[in-house]
Every structure is written in C-alpha cells, then in structure tokens.
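Here, each number is a calculation from the coordinates, and none is a lab measurement. What you see is a predicted model, and the numbers here were worked out from it, not measured in a lab. Virtual Cβ from ideal backbone geometry, glycine too; neighbours counted across all protein chains shown.
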Amino acid sequence: MKNIAKTISLGAVVCSSVLFAATAHAAASGSAGNTTKNDVSLGGVSAAAVDYAAGVNPQSGNATKGGSSGFASDFALYGSQQGWTSIAAFDSKADNGVAITTSKLGASLTFTFDKFDGRHGSWTVANSDVKNNVKLDLVFAMHGGGGSAAWLFDNEALGAGAKSTGSWTLNALNPGGKLADYSSLTIFARDLSKTAFQVPTTPVPEPESYAMLLAGLGLIGFMSRRRKSEYDTFR
C-alpha cells in the first residue's frame, strides 16, 4: 500500500509540475486578451478577421518566429495561396505620423503610423498612383507583450490618389497578464491588382446635333411669330 501511495503521490507531483510548467509557459508568452476584429479599422470598416500568435514577433529575424508565420495559415481562406510580402515595418520608436513609402508588388503606397499612447493610435494608407485604382489584401500585424495580433483587411480598395484613415487598439496581454503596450508594427500585403482610373466626362454633341438644335429653335421662333401675327389680325 505504501508503494502504491508513493507512486500516486509521485504521479501527482509530476502532473502538477507539468501543469505548472504549461501555465508558466502560457503566461510567459502573453495572450490574446480581449482582442477582436473591431480593434483595428480602415476607412471606417473593421478588419475581416483577426489572429493572435504567442511568442511570435513579425519583425524577428528568426524565420520560424517572424514574418507571416503567426497568421498565414489562418488567413489562407481569404485569398489566393500567394505568399505575404512585408511592405512596411514601424519600430518601437515610430510615432506622430511616421511615413513609409513602398513600391513593392508594383504599386506606390504610403503608410503612416501614430500612437496616442501605448495601446491606441491611428494609421493611414495612401495610393500615390493617380492613374490606377488599387485592390489588395492587407495585414496589420502588431507586436506587443509576448506575441503579436494580426488583423486582415480583405480586398481593400484604394482609388487613384486616394487615402484611407484607420484606428487601432491593442488589447493583448503581456507576460504578467496585464494589457500590453505597442512594440512594433509590420504591414503585409498580397493579391494586388490595378485598374486604370477613368474620369467621367460629359458627352460632346456632334455637329449634326447642333444643326438639329438650331433648326428646332428656328421652328419654335417661326411658330411663335405666326401665332402672334394671327392674334394681331383677328383680335
């Protein structure tokens, strides 16, 4: 009985150690907290999807812990299998409308970033091409605490020379279980397409139309004079 009791006690200790280690690891990696699609918007519209990856920094040089590794598989259903390209990276010092212009993927885009405090701010996307409209998938991947949250804007459309403004809120938790502060932002894109911008024009009448218009006005004038003459004769 003593051996059985000893075995059970040892097993309980082992299980407790494993559970404590798992809990400690989860806490050390941070968590999604209350992160939702509504935390980040662009042009007044919330993100189409959101993902959170503990222990991942999109700007990390480690291939397995950086880049699009934290969200690529979960966002695959929203577009083609084309890989994601990092097109703008804002470091921890970025603030007060810092701008990054890129021509990756064949479009001239400018991103600006601003933070009101460690958890709230704004951002903009501008299409510098005045001849082409642009449509693409965008991911707003923000690192903070022990992981990164990624928001997907599916088939985002930007008119030629147009700018779209958005806002962001970070609700992820740091390793201590408290709301995390901004660390860095990486913007990814894929599936970019362009269409020529055409200015609507008012059709210019053909010469024949002018001739018909003048003839019609002349006929109206003739009928008016005739009626006046008849009125003067028979009154």
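So for region 45-182, averaging the separation of alpha carbon pairs under 8 Å that are six or more residues apart and normalising by length, what relative contact order in percent results?
For region 45-182, the relative contact order is 25 percent.
Among the chymotrypsin sites (Phe, Trp or Tyr not before Pro) within region 89-128, those in coil by DSSP and having at most 15 neighbouring Cβ atoms inside 10 Å are F116.
Filter K93/K135; K131/K194; K65/K178 down to the pairs with a C-alpha to C-alpha distance above 18 Å, please. Before the final figure, lay out each step's value.
Working: K93/K135 30 Å; K131/K194 10 Å; K65/K178 23 Å.
Pairs exceeding the cut-off: K93/K135; K65/K178.
How high is the FRET efficiency between V98 and N38 when r is their beta carbon distance and R₀ equals 22 Å, given to the nearest 0.05? Present the calculation step by step, with values, prior to reporting the outcome.
Details: r = 25 Å, r/R0 = 1.11.
The computed FRET efficiency comes out at 0.35.
Extension gain, S108 to N155: 0.36 nm times the residue separation minus the Cα-Cα distance gives 15.2 nm.
Taking loop as defined by DSSP and a crowding limit of 12 other beta carbons within 10 Å, which trypsin sites (Lys or Arg not before Pro) in region 30-93 fit?
Working: sites: K37, K65, K93; in loops: K65, K93.
Passing sites in region 30-93 are K93.
Of the trypsin sites (Lys or Arg not before Pro) found in region 113-194, those that fall in a DSSP loop while having at most 12 other beta-carbon atoms within 10 Å are K131, K178.
Given their separation in residues at 0.36 nm each and the Cα-Cα distance between them, T64 and L77 gain 2.5 nm when the chain is fully extended.
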